[in-house]
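Right, one structure below, let's go through it.
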Amino acid sequence: MEKLIQKIVEKQIEYKTIKLEDINVYVYGYTLLFEVVINVIIALIIGILSGNLILICLFLCNYIPLRSFCGGWHADKLWKCTIYSNISLIIVIFLCKYIIYVFTYKVIIIVFGGCVCFILSCTPMDTDAKRITVDDKRKYKKSIIIIVIIHSVIIGIAYVARWRDTAFIIMCVYVLQMILLIPGVIKRFIRTKAK
């Protein structure tokens, strides 16, 4: 993949569509793009093979925007990211098929609300690999709040319409996002204690 990205960037330099000093930005951007595309394609294949394509699409449509702005733990290699992401999807499929009926709407709303409180209290979160400027943090926070409001409305509609699957999937999105934030919260706590 790195060779393909390098060739794309070299062609863009050759055709003068990008500047030489912007190479690293484009390499990073293309790397992220390819990672997302690869993971989405694999997720869709898992959805088709498992007969859960709608569930997977619903999960990804809710998860990707939230994850993009919240930050949190990230795998250091594409193959690790792909494995972890798709194991998460398989777990969500399992939960939706076999565990969902243990969760009443009340429990779904309580878990969702707890995750929202946690997420809003510690995001956006930068990492060693991806630093976020103060200005970008403000913008990301606004986006996170908008996403949370949209998801809250969807959960409300799901409650009224009795779409337990939809509410449960959104709850799973927030539980997963919260789990991915915990290492960063622990790291912040340790840094604060060390000072």
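Any read-out appearing in this document is the output of simple, stated calculations on the displayed coordinates, not a laboratory observation. Owing to the predicted nature of the structure, the values given are computational and were not obtained by experimental measurement. FYI the Cβ positions are ideal-geometry reconstructions off the backbone, even for glycines, and counts take in every protein chain you see.
Data table
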quantity: Nitroxide proxy distance, nm - points 7 Å out along Cα→Cβ at residue 120 and residue 19; calculated: 4.1
quantity: Separation between Cα centres of region 78-124 and region 1-52, rounded to whole Å; calculated: 27
quantity: Region 2-194: relative contact order in percent, alpha carbon pairs under 8 Å with at least 6 residues between; calculated: 28
quantity: Karplus (6.51, -1.76, 1.60) ³J(HN,Hα), θ = phi - 60°, over region 85-91, in Hz, Gly and Pro reported as x; calculated: 4, 7, 5, 4, 5, 5, 5
quantity: 10 Å beta-carbon shell around residue 105, net charge (K/R +1, D/E -1); calculated: +3
quantity: Relative exposure of 64, 87, judged by other C-beta atoms within 10 Å (fewest first); calculated: 87, 64
quantity: Dimensions (Å) - region 1-74, Cα atoms, principal axes, largest first; calculated: 45, 27, 19
quantity: Relative contact order of region 28-116, defined on C-alpha pairs under 8 angstrom at six or more residues apart (%); calculated: 29
quantity: GNM result for the chain, Cα springs below 10 Å: residue of 28, 84, 98 fluctuating most strongly; calculated: 28
quantity: Point-to-point label distance, residue 189-residue 101, nm (Cα→Cβ direction, 7 Å offset); calculated: 3.7
quantity: Rounded to whole Hz, the Karplus (6.51, -1.76, 1.60) HN-Hα couplings of region 10-19, x for glycine and proline; calculated: 4, 5, 5, 5, 4, 8, 6, 8, 9, 8
quantity: Residue list for region 49-87, given a label point 7 angstrom along the Cα-to-Cβ vector of residue 27 and an amide N cut-off under 17 Å; calculated: 77-78
quantity: GNM top mover of 93, 149, 23 - the chain, alpha-carbon springs below 10 Å; calculated: 23
quantity: Most mobile listed residue (32, 120, 180) in the chain, GNM with C-alpha springs under 10 Å; calculated: 32
quantity: Residue 44-residue 75 FRET efficiency (beta carbon distance; Förster radius 22 Å; 0.05 resolution); calculated: 0.65
quantity: Pairwise FRET efficiency - residue 37 versus residue 12, Cβ, R0 = 25 Å, nearest 0.05; calculated: 0.85
quantity: Fraction of the pair-distance distribution of the chain above 20 Å, Cα-Cα pairs, percent; calculated: 62
quantity: Residues 174, 159, sorted so that the one with the fewest Cβ neighbours within 10 Å comes first; calculated: 159, 174
quantity: Region 182-187 - phi-based ³J(HN,Hα) in whole Hz, Karplus 6.51/-1.76/1.60, Gly and Pro as x; calculated: 4, x, x, 5, 4, 4
